[in-house]
Amino acid sequence: MKKLIKNGTIVTAADTFTAEIVIENGKISQIGTNLSAHGAEVIDANGCLVFPGGIDPHTHLDMPFGGTVTKDDFETGTMAAAFGGTTTIIDFCLTNKGEPLKNAIQTWHAKSKEKAVIDYGFHLMIAEMNENVLNELPYVINEEGITSFKVFMAYKNVFQADDETLFRTLISAKEHGALVMVHAENGDVIDYLTKKAVAEGNTAPIYHALTRPPELEGEATGRAAKLTGLANSQLYVVHVSCAEAVEKITEARSKGFNVWGETCPQYLVLDQSYLERPNFEGAKYVWSPPLREKWNQEVLWNALKSGQLQTLGSDQCSFDFKGQKDLGRDDFTKIPNGGPIIEDRLSILFSEGVRKGRISLNQFVDLTSTRAAKLFGLFPKKGTIAVGSDADIVIFDPNSERIISVETHHMAVDYNAFEGMKVTGEPVSVLSRGEFVIRDKQFVGKPGSGRYLKRAKYNVNIPFIQDETFSIKQILT
């Protein structure tokens with residue numbers, strides 16, 4: 001059915017203005033004032049902001065790790081994402097050395113089929129680089145539409161790749177039009193420090209942070225950035241947590257390198273002291289990179305404001321406290337790494353960022369949606385409100401107050417990392433390609449309605465577009 005959204009304030013990465021939106025056949029067909037939409041369902045957004053649907057570029061759903069599997073799969077994870085205002089996710093597809101890349105992709109298609117309630121795509125892990133992998137890359141990019149590859153610099157003997165693999169991946173990405181992502185921590189030194197800590201009887205959750213110091217994140221970030229410059233390629237650093245990594249990204253960008261940075265809500269509002277909570281409660285906050293000393297938070301906020309960090313991912317990777325996290329009760333190295341973040345990504349950034357004057361409304365949209373769409377080959381189909389774009393729309397109440405809690409969240413996991421935190425601003429209704437997934441804070445979507453997205457190749461020029469080709473506000477006035 002045709003829909004007409006009226007009385008809301010539209011916010012894109014470029015503009016903030018009052019107008020009406022007409023939706024037809026899953027796309028935005030008109031934007032303007034006093035629009036005629038005979039027979040349309042009228043959606044009154046009075047008092048609300050109207051954003052493009054959020055794009056979460058960093059999720060791990062139904063992912064095996066540490067002898068267990070993440071609690072949220074593509075059904076519960078995307079449902080929680082929708083409640084939080086996210087209409088597109090890009091999940092990480094893990095590969096196995098010695099096996100065709102196609103096998104891993106087929107596995108992830110099977111995990112997501114008939115489950116996702118919003119649209120989704122895949123990143124692909126590169127664990128090794130050889131002739132077989134090189135020969136598969138054109139298929140992965142051109143047929144599967146997977147145009148981003150992730151290389152782990154950590155998790156020795158599990159995911160970690162060597163520098164040759166990273167460098168050859170960067171060279172291949174430049175040739176084929178892909179974006180290389182790195183988990184930047186020095187896995188070799190971390191392996192030494194963790195073994196030393198356990199041997200000395202230091203097994204509590206806090207040692208997860210103490211054996212992964214920020215210097216090792218900064219070192220790996222700088223190394224990856226230098227290799228990117230040498231390869232004249234492009235790099236996206238995931239889950240930046242500390243000043244040391246921000247410094248290396250800023251330095252690389254000042255030299256003209258195509259280096260991009262992502263941070264996550266947990267690093268903006270939580271700190272290392274959470275891992276010291278008694279009765280093993282600190283295990284709830286074990287993820288990598290670890291939470292840092294609190295002063296790093298302002299460094300990250302300033303980097304978002306200044307544009308040195310460009311996106312906000314969730315790094316959703318949820319494990320139950322009871323039955324999964326407690327696998328490491330006597331050894332922090334056995335605690336499954338990850339947390340439940342996907343649902344509260346937009347609300348936390350809005351409440352702590354926009355409401356407190358740290359970032360603007362337009363920056364909020366850029367960080368949560370537009371820039372990810374540009375970097376990962378989805379713009380302008382996704383990531384903006386414009387004629388011809390998919391009608392992925394969030395109707396957001398900027399004044400609604402709530403307390404984040406496991407009692408009210410929609411993730412499958414048995415705790416919330418932000419338990420008790422008061423936030424202002426939350427989605428009221430969420431549309432994916434013009435159809436309600438969330439309506440008046442109730443789920444009305446359908447598992448399997450989310451579509452797999454084949455993404456365009458990385459375009460070095462697109463991430464720099466500031467005015468989204470034109471200014472809707474200027475046209476209307």
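The values are calculated or read from the model by the stated rules, or taken from the named source; none is laboratory data. Keep in mind that what you see is a predicted model, and the values were worked out from it rather than measured. No Cβ is skipped: glycine too gets one built from the backbone with ideal geometry, and neighbour counts run over all protein chains shown. Accessible surface is based on the protein model in full, side chains and every heavy atom, while ligands, DNA and RNA are left aside. Shrake-Rupley method; radii C 1.70, N 1.55, O 1.52, S 1.80 Å.
One residue alone among GLU114, GLU143, GLU185 is among the charged types (D, E, K, R) and farther than 24 Å from SER314 by Cβ, and that residue is GLU143. Among the residues of the range 172-230, write down those that are of a type in the set (Gly, Ala, Ser) and within 30 Å of GLU136 (Cα to Cα). Result: SER172, ALA173, GLY177, ALA178, ALA184, GLY187, ALA220, GLY222, ALA224, ALA225, GLY229.
In the set (1) at pLDDT 95 or above; (2) within 28 Å of the chain's Cα centre (by Cα); (3) open to solvent by 10 Å² or more (accessible area, probe 1.4 Å), the condition left unmet by ASP44 is number (2).
For (1) open to solvent by less than 10 Å² (accessible area, probe 1.4 Å); (2) modelled with pLDDT under 95; (3) over 25 Å from TYR415 (Cα atoms); (4) among the polar types (S, T, N, Q), each residue gets a yes or a no:
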site	(1), (2), (3), (4)
PRO289	yes, no, no, no
ASN302	no, no, yes, yes
ASP315	no, no, no, no
PHE321	no, no, no, no
ASN337	no, no, no, yes
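Of all residues in the range 47-75, those being crowded, with 21+ Cβ neighbours inside 10 Å and either assigned to a strand (DSSP E or B) or at pLDDT below 95 (or both) number 10.
Each residue in the range 235-249 was checked for being crowded, with 19+ Cβ neighbours inside 10 Å, over 18 Å from the mean Cα position of the chain (by Cα) and of a type outside the set (A, V, I, L, M, F, W, C), and 2 pass. Scanning the range 393-414 for residues that are among the polar types (S, T, N, Q) and open to solvent by less than 40 Å² (accessible area, probe 1.4 Å) yields SER400, SER405.
The helices (runs of 4 or more DSSP H) found wholly in the range 153-269 and carrying at least 1 residues that are touching a helix residue (DSSP H, G or I) at 6+ places or on another chain (Cβ under 8 Å) and basic (Lys, Arg) occupy 163-176, 214-231, 243-254.
Within the range 128-160, the set of residues being farther than 24 Å from GLY222 by Cβ, touching a strand residue (DSSP E or B) at 6+ places or on another chain (Cβ under 9 Å) and open to solvent by 10 Å² or more (accessible area, probe 1.4 Å) comprises just one member, GLU144. Residues in the range 1-41 that are under 27 Å from GLN310 (Cα atoms), crowded, with 21+ Cβ neighbours inside 10 Å and of a type outside the set (Gly, Ala, Ser): ILE10, VAL11, THR12, ASP15, ILE28. Residue-level analysis places GLU75 outside the set of residues that are in contact with a Pro (Cβ under 8 Å, 6 or more places away or on another chain) and without any contact (Cβ under 8 Å) to a residue 60 or more places away in the chain.
For the range 128-150, a residue qualifies if it is under 17 Å from GLY98 (Cβ atoms) and part of a strand (DSSP E or B), but none of them does. ASP163 satisfies every condition listed in (1) under 16 Å from VAL237 (Cα atoms); (2) open to solvent by less than 40 Å² (accessible area, probe 1.4 Å) except (2). Among residues that are buried (at least 23 other Cβ atoms within 10 Å of the Cβ) and closer than 28 Å to ASP73 by Cα, THR169 is not included. The set of residues from the range 189-213 being open to solvent by 30 Å² or more (accessible area, probe 1.4 Å) and in contact with a Lys or Arg (Cβ under 6 Å, 6 or more places away or on another chain) comprises just one member, ASP191.
Specify the residue that is nearest to ILE404 (Cα to Cα); the eligible residues are those in the range 442-477 that are at pLDDT 95 or above, open to solvent by 90 Å² or more (accessible area, probe 1.4 Å) and touching an Asp or Glu at 6+ places or on another chain (Cβ under 8 Å). Per the stated criteria, the residue is ARG451.
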